[in-house]
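> Okay, here's the structure, questions in a sec.
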Amino acid sequence: MKTYIGKSVLKGIAVGRIYWYHKQTYEVVKTQIADSAQEQKRFEDAVETAKEQLVSLYEDALKNVGEDHAMIFEIHRMMLEDADYLETIAQVIEEGWNAEYAVETAKEQFAEMFAAMDDEYMKARAADIKDISQRVIRILAGIREDGILTDEPVIVVADDLTPSETVKMDKNKILAFVTVRGSSNSHTAILARSMNLPSLVNTNLELSEELNGKVAVVDGFSGEFIVEPQEELLNEMIRRKNQWIADLEALEQLKGKDNVTSDGRRINLYANIGKVSDVDAVLNADAGGIGLFRSEFLYLGRNEFPSEEEQFKSYKEVLEKMQGKKVIIRTMDIGADKKVDYFNLEPEENPALGYRAIRICLDRPEIFITQLRAIYRASAYGTAAIMFPMIVSVAEIKRIKEIVEQVKEELKVEGYPMKDVELGIMIETPAAAVISDELAKEVDFFSIGTNDLTQYTLAVDRQNQKLESTCDTHHPAVLKLIEMTVKNGHKEGIWVGICGELAADTELTETFLNMGVDELSVSASSVLKVRKAIRDI
């Protein structure tokens with residue numbers, strides 16, 4: 001018996017045989033070619049095939065893990081259209097070298113460029129460049145995509161896994177993931193959580209063929225990976241696994257129950273969505289409403305701005321499906337990690353702190369007004385609210401309200417029916433939390449975005465594996481800013497919710513209730529888990 005320690009991605013237990021997933025390797029050889037035009041055509045055909053594969057992966061991810069996590073494949077597809085990347089490859093081919101070597105050259109050049117950048121988000125793009133380049137090289141070389149070659153469900157062990165490798169695997173054949181590298185904030189870890197698979201990353205494991213077929217246990221509660229456990233321990237882990245499954249099944253019995261503690265403290269429990277089709281999962285999970293509709297996904301994966309009519313139809317459909325339950329629409333949060341070519345945004349050294357979200361909207365009001373018109377037109381079909389991201393000042397809110405009044409007046413003149421719409425803001429910067437007493441006088445509600453609030457408060461890129469231990473979402477400074485925001489909001493008579501990942505952290509549910517948080521908005525898959533935590537208090 002051997003026990004290894006990793007970083008848990010999802011609490012749960014898996015028992016089964018190990019399957020070592022290792023990629024088919026291909027060594028790129030530099031070869032002189034006679035016809036550059038023909039070789040360029042071969043490369044372009046491979047790129048088109050790669051795009052088709054990424055579209056397929058995107059669609060698979062939509063079904064399995066939702067829009068938020070599927071977007072990585074849309075981003076990869078867009079990277080394959082980057083002019084500088086394509087021109088570098090074309091130049092090497094023009095010099096008389098084979099396409100595989102040209103792609104390998106571009107891969108190394110761009111990966112090195114990204115890795116040398118100071119900004120951690122941009123550093124992480126080096127892995128994306130490698131992923132898309134290797135995909136094209138595999139296509140050029142005629143290498144088929146690897147899958148899980150087994151009939152029984154297995155624990156997949158690997159050095160690391162790309163998002164595309166994770167999604168393409170047959171979920172019915174996977175019990176858990178265990179990787180040597182990776183962080184709990186990586187795309188693959190997020191996908192594993194979405195697939196509800198107890199998994200470990202950053203595990204001190206030595207990979208070898210000898211692991212294949214051995215019985216093992218993944219303990220997502222302790223972070224242990226136990227290979228060939230002794231019979232007594234194995235039986236105990238099987239018992240715990242069965243109890244965990246029974247607990248999950250018991251959550252289904254909480255549908256239709258109130259989100260209320262044993263002593264009568266009630267809290268609203270909503271769900272987050274990224275697209276219209278996510279509403280079905282929200283309704284199935286019995287959420288009380290939608291606390292975060294990430295409207296930026298209406299702008300991604302296309303070549304032009306969505307029209308007012310397109311946006312109106314999307315908002316209207318969501319509001320109608322929710323049948324009067326509140327739907328809080330966040331205005332588009334484009335920028336940072338959400339790049340859209342047709343916005344013509346200039347490269348930034350520090351995009352997470354740059355030209356994004358409400359800053360774009362106030363600087364380019366024609367985009368903002370189109371979205372606001374669509375939302376207000378749709379408000380006639382349900383209960384809508386609007387919240388604005390990345391707020392740092394009272395002046396921003398005053399300007400927003402001026403534009404909102406302009407939009408409402410125009411729609412009234414044009415004869416469109418509308419309902420009253422609550423206006424709120426995201427508290428996701430330390431600045432907003434510190435002056436929340438002033439901001440609360442201007443709006444109807446606050447929604448605390450704990451992902452960015454943690455990142456900005458601790459000055460830590462939460463996707464940087466080296467800083468994982470520093471990115472402490474339970475840090476006293478983060479919790480104090482949340483508590484301050486709740487108190488200041490209540491002083492002015494407005495409600496305060498949390499819509500970041502921390503809302504689903506049941507270790508903090510009681511803390512949030514004690515602070516007086518009025519609403520928690522989580523992924524649809526977490527609604528019943530959080531409801532149980534509330535009712536157990």
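> Using DSSP to call loops (not H, G, I, E or B), can you name the GluC sites (Glu not before Pro) in the stretch 312-392 whose Cβ has at most 10 other Cβ atoms within 10 angstrom?
Passing both the DSSP loop test and the Cβ count: E349.
> Report, in debye and to the nearest 20, how large the dipole of the chain comes out about its Cα centre when Lys and Arg carry +1 and Asp and Glu carry -1 on their Cβ.
1720 debye
> Based on the mean of other Cβ atoms within 10 Å per residue, sort peptides 3-16, 233-246, 85-98 so the most packed one is first.
3-16, 85-98, 233-246
> Related question: Specify whether the C-alpha gyration tensor of the stretch 1-117 places it in the rounded, prolate or oblate class, a ≥ b ≥ c being the square roots of the eigenvalues: rounded for a/c under 1.5, otherwise prolate if a/b is larger than b/c and oblate if not.
Numbers: a/c = 2.33, a/b = 1.82, b/c = 1.28.
The shape class here is prolate.
> What is the distance, in nm, between label points placed 7 Å from the Cα along the Cα-to-Cβ direction at T3 and at A141?
The answer from the label model is 4.0 nm.
> Grab the Cα-Cα distance for E48 and R535, subtract it from 0.36 nm times how many residues apart they are, and report the gain in nm with one decimal.
Once the chain is fully extended between E48 and R535, it gains 170.1 nm.
> Separate question: With each pseudo-label sitting 7 Å past Cα toward Cβ, what's the K480-Y355 distance in nm, one decimal?
3.6 nm
> With a ≥ b ≥ c the root eigenvalues of the C-alpha gyration tensor of the stretch 413-537, is it rounded (a/c under 1.5), prolate (a/b larger than b/c) or oblate? Provide the component values of the computation, followed by the final result.
On the way: a/c = 1.66, a/b = 1.39, b/c = 1.19.
Note, shape of the stretch 413-537 comes out prolate.
> Follow-up question, since we're still on this one. Which order do the peptides 487-493, 302-308 come out in when sorted by mean C-beta neighbours inside 10 angstrom, highest first?
487-493, 302-308
> Considering only protein heavy atoms, what per residue accessible area in square angstrom results for the stretch 462-537 with a 1.4 angstrom probe?
Per-residue value: 44 Å².
> If you don't mind, another one. Just want the answer: with Cβ charges of +1 for Lys and Arg and -1 for Asp and Glu, which residue in S277, G497, S314 is farthest toward the dipole's positive end in the chain?
G497
> Pull out a ≥ b ≥ c, the square roots of the eigenvalues of the alpha-carbon gyration tensor of the stretch 409-479, then state rounded if a/c is under 1.5, prolate if not and a/b is larger than b/c, and oblate in the remaining case.
prolate
> Another question, then. In straight Cα distance, which aspartates and glutamates are under 17 Å from K441, not counting same-chain residues fewer than 8 positions off?
Candidates past the 8-residue exclusion: E396, E402, E422, E492.
> Now for a different question. At a Förster distance of 25 Å, what's the computed FRET efficiency of E438 paired with L362, Cβ-Cβ distance as r, to 0.05? Intermediate values should be presented prior to the final figure.
Values: r = 18 Å, r/R0 = 0.73.
Using R0 = 25 Å, I get an efficiency of 0.85.
> Then there's this: Using unit Cβ charges (K, R positive; D, E negative) and no other charged atoms, how large, in debye to the nearest 20, is the dipole of the stretch 191-254 about its Cα centre?
Dipole magnitude for the stretch 191-254 comes out near 240 debye.
> Any idea which of A106, G516, I132 is furthest toward the positive side of the dipole for the chain, if Lys and Arg beta-carbons carry +1 and Asp and Glu beta-carbons -1?
Looking along the dipole axis, the top candidate is G516.
> Further question: From the helices alone, meaning DSSP H stretches of at least four residues, give me the mean residue ellipticity at 222 nm for the chain, per-run term -39500 (n - 2.57), in deg cm²/dmol to the nearest 500.
The helix-only estimate for the chain comes to -14000 deg cm²/dmol at 222 nm.
> Apply the membrane-span-like helix rule to the chain: whole DSSP H runs, Cα extent along the own long axis of at least 24 Å, mean Kyte-Doolittle hydropathy at least -1.0. List the helices found.
Passing helices, by number: 36-65, 120-141, 231-251, 394-414.
> I'd like to know which of I360, G289, V392 lies farthest towards the positive end of the charge dipole of the chain, counting +1 on Cβ of Lys and Arg and -1 on Cβ of Asp and Glu.
G289
> If I model a spin label at E346 and V260 as a point 7 Å from the Cα along the Cα→Cβ vector, what separation in nanometres do I get?
About 5.7 nm, to one decimal.
> Now for a different question. Hey, what's the stretch 244-356 come to in accessible area per residue, 1.4 Å probe, Å²?
46 Å²
> To continue, here is another question. Per the 1.4 Å probe, what fraction of the accessible area of the chain, in percent, lies on carbon and sulfur atoms? All intermediate terms of the calculation are to be shown ahead of the outcome.
Numbers: 11250 of 23940 Å².
Roughly 47 percent of what the probe reaches on the chain is carbon or sulfur.
> Please work out the FRET efficiency for the pair E507 and D247, using the Cβ-Cβ distance as r and a Förster radius of 25 Å; give the result to the nearest 0.05.
It comes out at approximately 0.95.
> Take the alpha carbon atoms of the stretch 72-93, find their center, do the same for the stretch 322-390, and report the distance between the two centers in whole angstrom.
27 Å
> So, one more: Students often get this wrong, so try it: which of (i) -0.32, -0.89, -1.40; (ii) -0.27, -0.80, -1.43; (iii) -0.27, -0.75, -1.26 is log10 I(q)/I(0) by the Debye sum over Cα atoms at q = 0.06, 0.10, 0.13 Å⁻¹ as calculated from the structure shown?
It is the one labelled (i).
The values are calculated or read from the model by the stated rules, or taken from the named source; none is laboratory data. The model shown is predicted, which means the values in this text are computed figures rather than measured ones. Here the Cβ is made from the backbone with ideal geometry for all residues, glycine too, and neighbour counts use every protein chain on show. Just so you know, the surface numbers come from the protein's heavy atoms only, side chains and all, with ligands and any DNA or RNA stripped out. Shrake-Rupley method; radii C 1.70, N 1.55, O 1.52, S 1.80 Å.
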